[in-house]
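S.K.: Here it is, the structure, as structure tokens.
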Amino acid sequence: MTTSSEYLFQEQPISILFTEDNELNQFLISKLLSTYKDKVEFAESGYEAIEKIRKNHYDIVFMDINLPKLNGIKATQMIRNDINLSGDQLPIIAMTAAENSNMKAFLDAGMNGYISKPFEVRELKEILAKHLGKDIKATTISEQVIVPFTFGNITNKDVLAKMISLFKKHKKEFFEQVTFHIGESNYEAISNTAHKMKSTADVIGIPELKEALNKLENYAKAHEKEEMEKAYKKAQELFIVSEKALEHYN
């Protein structure tokens with residue numbers, strides 16, 4: 001629950017579920033909406049989203065496509081097919097960082113719309129207005145603010161410190177997981193780990209790191225071991241440089 005004196009909508013507070021497995025994205029969405037009293041919750045997998053929808057009321061769900069265990073498309077199909085979830089009435093919006101997203105697949109699964117990450121507050125507000133049918137109040141948050149943020153947009157030292165802390169945590173987990181998966185020759189796991197870490201690079205605003213991770217993901221997916229290892233080495237170098245650069249903001 002947020003702590004602001006305003007609601008996103010004029011009539012009453014709404015309840016929003018974001019199905020998002022990236023901790024840094026969760027943190028930034030929470031900060032973005034912290035000036036409102038609307039209820040914002042998170043699920044980290046498709047299964048968790050279904051369980052939350054089963055137990056709680058939500059006005060709208062933003063469903064990430066690339067989720068662990070059960071992806072967003074399959075989760076949406078299960079929600080739509082379960083009459084006990086009132087799945088035919090709940091607006092579900094696809095949410096993905098993929099550049100060439102398959103809108104037809106999202107709609108075929110039963111989703112109501114699509115928003116790409118990173119997205120602007122204006123886009124989020126338009127989605128809410130369209131699918132909830134209510135007028136949105138004027139907001140003190142600039143519509144030019146982008147989610148995920150880049151460091152140049154943030155002046156709050158506590159937010160910066162938290163972002164740096166999460167970046168370091170994600171970096172450590174990434175190295176441990178990829179090193180282990182390389183030892184096991186688990187190309188699918190390497191690709192998935194790189195894909196997930198791309199979101200963190202996007203949030204922090206380091207395009208060079210995102211590009212290196214994208215190459216790692218694709219080479220792993222193609223089982224091109226030599227190129228994959230080169231991409232991983234490049235990513236390691238960029239992580240070190242990036243962490244040093246972030247210390248400037250501490």
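S.K.: So, in the range 202-241, of the ones that are over 19 Å from the mean Cα position of the chain (by Cα) and touching a residue at least 60 places away in the same chain (Cβ under 8 Å), which residue ends up nearest to Thr96 (Cα to Cα)?
M.R.: Here the answer is Phe239.
S.K.: Then there's this: In the range 31-46, is there at least one residue being assigned by TED's automatic domain parsing to the domain that holds Glu126, touching a residue at least 12 places away in the same chain (Cβ under 8 Å), part of a strand (DSSP E or B) and among the hydroxyl-bearing types (Ser, Thr, Tyr)? Break it down into steps so the answer makes sense when it comes.
M.R.: Step one: of the range 31-46, the residues assigned by TED's automatic domain parsing to the domain that holds Glu126 are 31-46.
Then keep just the ones that are touching a residue at least 12 places away in the same chain (Cβ under 8 Å); that gives 31-46.
Narrowing the set further to residues that are part of a strand (DSSP E or B) leaves 36, 39-43.
Adding the requirement that they be among the hydroxyl-bearing types (Ser, Thr, Tyr) leaves 36.
Checking the range 31-46: at least one residue is assigned by TED's automatic domain parsing to the domain that holds Glu126, touching a residue at least 12 places away in the same chain (Cβ under 8 Å), part of a strand (DSSP E or B) and among the hydroxyl-bearing types (Ser, Thr, Tyr).
So that you can scan it fast, the table gives a plain yes or no per residue for (1) on the phi > 0 side of the Ramachandran plot; (2) out of contact with any Ser or Thr (no Cβ under 6 Å at 6 or more places or on another chain); (3) modelled with pLDDT of 90 or more:
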position	(1), (2), (3)
Lys55	no, yes, no
Asp59	no, no, no
Thr76	no, yes, yes
Ser101	no, yes, no
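S.K.: Would it be correct to say that Asn66 is of a type in the set (S, T, N, Q), part of a loop (DSSP other than H, G, I, E, B) and either under 15 Å from the mean Cα position of the chain (by Cα) or at pLDDT below 90 (or both)? If you could, list the steps in order and put the result at the bottom.
M.R.: Details: of a type in the set (S, T, N, Q): yes; part of a loop (DSSP other than H, G, I, E, B): yes; either under 15 Å from the mean Cα position of the chain (by Cα) or at pLDDT below 90 (or both): yes.
So Asn66 passes the test.
S.K.: Please verify whether Ala189 is buried (at least 17 other Cβ atoms within 10 Å of the Cβ) and in contact (Cβ under 8 Å) with a residue 12 or more places away in the chain, treating the condition exactly as stated. Even if it seems obvious, please write down each step before you answer.
M.R.: Values: buried (at least 17 other Cβ atoms within 10 Å of the Cβ): no; in contact (Cβ under 8 Å) with a residue 12 or more places away in the chain: yes.
In short, no.
S.K.: So, in the range 78-99, exactly how many residues are among the hydroxyl-bearing types (Ser, Thr, Tyr) and either modelled with pLDDT of 90 or more or in contact with a strand residue (DSSP E or B) (Cβ under 7 Å, 6 or more places away or on another chain) (or both)? First the steps, then the outcome.
M.R.: Taking the range 78-99 and keeping what is among the hydroxyl-bearing types (Ser, Thr, Tyr), we get 86, 96.
Narrowing the set further to residues that are either modelled with pLDDT of 90 or more or in contact with a strand residue (DSSP E or B) (Cβ under 7 Å, 6 or more places away or on another chain) (or both) leaves 96.
Matching residues across the range 78-99 total 1.
S.K.: I'm told Phe180 meets every condition in (1) among the hydrophobic types (A, V, I, L, M, F, W, C); (2) more than 29 Å from Glu224 (Cβ to Cβ); (3) modelled with pLDDT of 90 or more except one. Can you identify the failing condition by its number?
M.R.: Of (1) among the hydrophobic types (A, V, I, L, M, F, W, C); (2) more than 29 Å from Glu224 (Cβ to Cβ); (3) modelled with pLDDT of 90 or more, only one is false for Phe180: (2).
The values are calculated or read from the model by the stated rules, or taken from the named source; none is laboratory data. The shown structure was predicted, so the numbers you read here are calculated from the model rather than taken from an experiment. Here Cβ is always computed from backbone atoms with ideal geometry, including for glycine, and neighbour counts include all displayed protein chains.
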